[in-house]
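Some notes on the structure that comes next.
Just so it is clear, none of the values below were taken in a lab; they were calculated from the coordinates. Fair warning: this is a prediction, and the values are worked out from it, not measured in the lab. Methodologically, a virtual Cβ is constructed for each residue, glycine included, from the backbone with ideal geometry; neighbour enumeration extends over all protein chains shown.
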Amino acid sequence: MTFVLRMAWREFRSSWTRLLFFFLCVAIGVAAIVALRSVIQEVRETLTREARDLVGADLVVLSGRPWPDEVTPQLAAYLAEPRVLDRMEVVETATMASTEGRAQLIELRAVESGFPYYGTLELQSGRPWSTTLLQGRGLVVQPELLVQLGVAVGDTITLDRQAFTIRDVVVRDRVQGRNGFAFGPRVYIDLAELRATSILTFGSRASFQWFARVQSDEVDALTADLRRDFRRSLVSVRSWRTVEDRLGRNLTLAENYLSLVGFSMVVLGGIGVWSVTRVFIQQKIRSVAVLKCVGASSATVLATYVVQVMGLAAAGSVLGVGIAAAGIAAIPASVVTLAGVTSIGVTWSAALQGMAVGVLVSLLFALVPLLEIRDVKPLMLLRADTAPLAGRRGWRSVSATLLIGAALVMVAVWQAGSIAAGLYVSVGLLAVAAVLAGAAWGLVRVVAPLTRSKRFALRHAVVSLVRPGNQTRVILTAVGLGCFLILGVRALQSNLQEEFSLAVGANAPDLVLFDIQRDQVEGVRTLLKPFLRTVPGQEPPVVPLLPLLRGRVVGVDGARTQLATAEDVRRAGELAREYGITFRMDLADNERLVAGTWWTGPSTDTSGPLDVSIEQRLVDEHAMGLGDRIRIEIAGRVVDARVTSVRKVSWDETQNGGFIFVFRPGPVIERAPHTFVGFLQVNPGADVRGRLQRDVVRAFPNVSVIDVGTVLASVREVVDNATVAITVVGAVTVISGILVLVGAVAMAKFQRTYDAAIYRTLGASSRRLAAMVLIEYGVLGALAGALGAIGALALSWGVATRLFEIAWRPDWQTLVGGVVVTALVVACVGLAASIDIIIRKPLGVLRQG
Amino acid sequence: MIELSEVSRTVTSGAGPLTILHPSSFRIEKGRTVAITGPSGSGKSTLLGLLAGLDTPTTGDVSIDGVNITRLGEEALARLRGEKIGIVFQFFHLLPSLTALENVLVPMELAGVADARARAAALLADVGLTGRGHHYPSQLSGGEQQRVAIARALANDPPILLADEPTGNLDSATGRQVIDLLMRVNRDHGRTLVLVTHDPELAQVADEAIALRDGHVVSQTERA
């Protein structure tokens, strides 16, 4: 062992400049991994925290009616499991609040001590939120209520004939309610005090909820378990990870994207380390032969170079962590805050992972060529024509390659955090690498005739590309794979940003008006008109007021689904819930007809089944279809409906609401009791919403105005944070990816130095040498860039449509720009790496052989 | 004693099998100096490679001190070279990242020789390189590099010294110094010295000359 260490020290001491390069390349690869993983971890934690703030718990179990007997024992057992760390009960219900002369529908949220588990409520008074404020008949209310009832903090209002005192006003409440928006201003009350009233006794519409804090690695599993067991009992389960609204989806997308980028960076860093290790080992072949000649065993030689590679990789990895720390510190604080992250630095786990990958990848890639040391023929020292390595691979080499391949796949699985994803990506990378190797083979054959070109620089550049032992395959593979990942990540980034900007785009409503009576429609329209948001140069919009009925399905007589009684429907689970129903002549902007025909005019029938259009979800989940008959109870009366069309609602763009059932207008449905609801976008401005609320309440006291702008602002904030995070991560990827590739390409210079020295000795001018290098590397860069871009196009398409399920928009600008930049960068790096030999005297190089 | 019996070497090239050394048999007695001569491509270096166990014969056996080295594996051959055979190459083949002294040290370190450093310094002094031990190969002239290579070949005091065109890369004056050095170390220590050479002058000073042409031994001449 001492011999091995001594040799390592001697080699380091004498050729440290050369090793420094190796060392720096490893460091850059590791730095890229560490920096990115650290940023991703911080961003993920922030996003997780924010998403949890919106739910207020890790997991919420909800029931639209008092907990059914068949659910209670099982739910209690689940909540008592050790994976549930804490639990509390919350009830939300709508009730009337009144003062002398005024009454208002409110959304009561009754909570227990400790609510919420995550996030907090900001109070107008500035004091910290605590449920003790609610004790002794206290209330904390949203500001709208003060306007609507004309009261102030300290005043009392009446709920169920009992007086309650308004203790404070909540100005920021991120915990979303049961439906995303409430039926009136939200009012917090103590759960025990709610139970002491009779509000919950008269079959009022209440949502009974259990909030739970769960071991972080058990959230998904518990959610799945609960969902499976309570599928048929009208109990729903949501967690921040599985919120099925737009926000949850965006966060999942952002998280998947970050994982993908993190993994790509590992591969990129790995490519850099691989390219460096390969050259390092090639440079050592002659020394191996000499050592064998003077009596060293293969094991000694192997140990000598494994120790060197490991030492360099470990030191390079440590330096990489340092570079990552410096790089992260260089990210402007303003950008960090924009992403919602409070502080950012290298995380321990990222540092360890980066170092492990650095050492492991170096070792893995060094081992295959090093194992061939066994086959290094010392005879090469006697006969120049002896191949340094035996051509055929022994079983050791083959099994080592297989083992190392398996180890690399395991690294991939570890990094991707999923066996399927790791395998998928590994196979994908292998395929791209195979295509690139094929392209290299093709290139060598296509350009071979140019070796007869009359232009010296072109002829010799091509000779360099096609000669035995050329770098065509290596550079094409490294740069092509690199481009594939960098451009793929970039292209996905722009797709995601586009998607996110649509998500909380300009079309989302700020205010929702409920309970507008039929005779108030015109009055409300007139009142609202001046407040509506207008686009300059466009007609002022018509105030969109939709009729709203509430109904329950009580029977289905369909081709595939038969539910004869209300009890049968109840057993079908979700289908038994109360639905908001509307009738209208036109399809909404966010709807698309997928089957049947849409009506062309109102119905005149006063009897017989009514035409109804159902949403695709009923087809998918309850096997309903065209021609099915559905019985729906609306305000105590059962109407018979026939499905005449199926619509697909784009739930992402619900500026006008989304309805499962839409009826054809006609005398029967229009006679059913209904109110109108309006989804509005009002002019921006601090006081506009407040003024509108005051005006509406004064003119139409029964109408509830709900400001969803504040809820939406929270959502928008989270999504904006995710967008910034994705942009920052994308930028870091591109920069570090380019650095890694620069290292990989520059490393090849050691093989070029000798040739360049010979050309120089034979009288080639510096310009000629430079032209040769530029042509050779330019061609390689352009081809690698082009193949990488095509791969990136495929990657972004595949990931966007299959994995993320978002609309795919090819990002041509990035792709074309990527090819040009790659060709330029590779050509310039090739030139820069050869510059010393182009301008210096060649003798030193020739003497070193 | 080195003994070759019916040793041949055939390689497969693009044009089919090519015999670069036809079956040849001869013995080299202990302590003798033997020059293997012949034009380029006559099979001289191939023969030397077979003697050093750097290559395996296609047919026949090579024995060193009665041990048939043809049957030995790579590891045993490496050990054998470390103990019994010193090799000097035309292109010196010093390890570029090691100093002159360290290049001489390596075989002794591999063999676990005690007091190796002092012996390496003595060997360098013996080849006339006192004070140059800390220089790297790139800082030495061709002749100096070859002398370091000779010192390295002698490091473990091997009974056999093989040299492949040891003066082929040197000017005639330097070449003469190297020949004198090789002869002296051979004479002083009673080693067997096998030289592959083009150099008629070098061939003249050997005890025997084996002439090769087109892979055949065409003559074996004793001089003294």
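Brief remarks on what is shown
- Mean per-residue shielding of peptide B:90-102 is 6, counting Cβ atoms of other chains within 10 Å of each Cβ.
- Net lengthening on full extension, A:Arg698/A:Ser98 (0.36 nm per residue, minus Cα-Cα): 214.5 nm
- Relative contact order for the stretch A:57-239: 39 percent, from Cα pairs under 8 Å spaced at least 6 residues apart, divided by residue count.
- The stretch B:86-123 and the stretch A:124-168 have Cα centres lying 91 Å from one another.
- Span per principal axis, largest first, for the Cα atoms of the stretch B:6-148 (Å): 50, 31, 29
- Computed as a quarter of the hull surface, the mean projected area of the alpha carbon convex hull for the stretch A:64-103 stands at 4.4 nm².
- Gain on full extension, evaluated as 0.36 nm per residue between A:Arg161 and A:Arg127 minus their Cα-Cα distance, stands at 9.3 nm.
- Isotropic mean projected area of the C-alpha convex hull, the stretch A:534-680 (nm²): 9.4
- The mean number of Cβ atoms from other chains found within 10 Å of a Cβ in peptide B:72-85 is 4, as a whole number.
- Rough spin-label spacing in nm, given labels placed 7 Å along Cα→Cβ, for A:Ser349 and A:Val446: 4.5
- According to the calculation over all Cα-Cα pairs in the stretch A:591-669, the P(r) per 10 Å bin from zero is 18, 50, 29, 2 %.
- Area projected by the alpha carbon convex hull of the stretch A:57-239, averaged over all directions, nm²: 10.3
- Note on chain B: GNM, Cα springs under 10 Å; of B:Pro159, B:Pro96, B:Pro57, the largest mean-square fluctuation is that of B:Pro96.
- FRET efficiency for the B:Gln139 to B:Glu83 pair, using the beta carbon distance and R₀ = 30 Å, is estimated at 0.45.
- At an R0 of 35 angstrom, the distance between the Cβ atoms of A:Val816 and A:Val171 translates into a FRET efficiency of 0.10.
- At R0 = 56 Å, FRET efficiency that the Cβ-Cβ distance of B:Val113 and A:Arg227 yields, to 0.05: 0.15
- Between B:Ala15, B:Ala125, B:Ala52, the GNM of chain B built on Cα springs shorter than 10 angstrom shows B:Ala15 fluctuating the most.
- Which listed pairs, of A:Lys284/B:Lys30; B:Lys44/B:Lys84; A:Lys284/B:Lys84; A:Lys377/B:Lys30, have C-alpha distances above 32 Å, in listed order: A:Lys284/B:Lys30
- Between A:Arg642 and A:Asp568, residue separation times 0.36 nm minus the direct Cα-Cα distance comes to 24.7 nm.
- Secondary structure note: in chain B, about 55% of the DSSP beta bridges are antiparallel.
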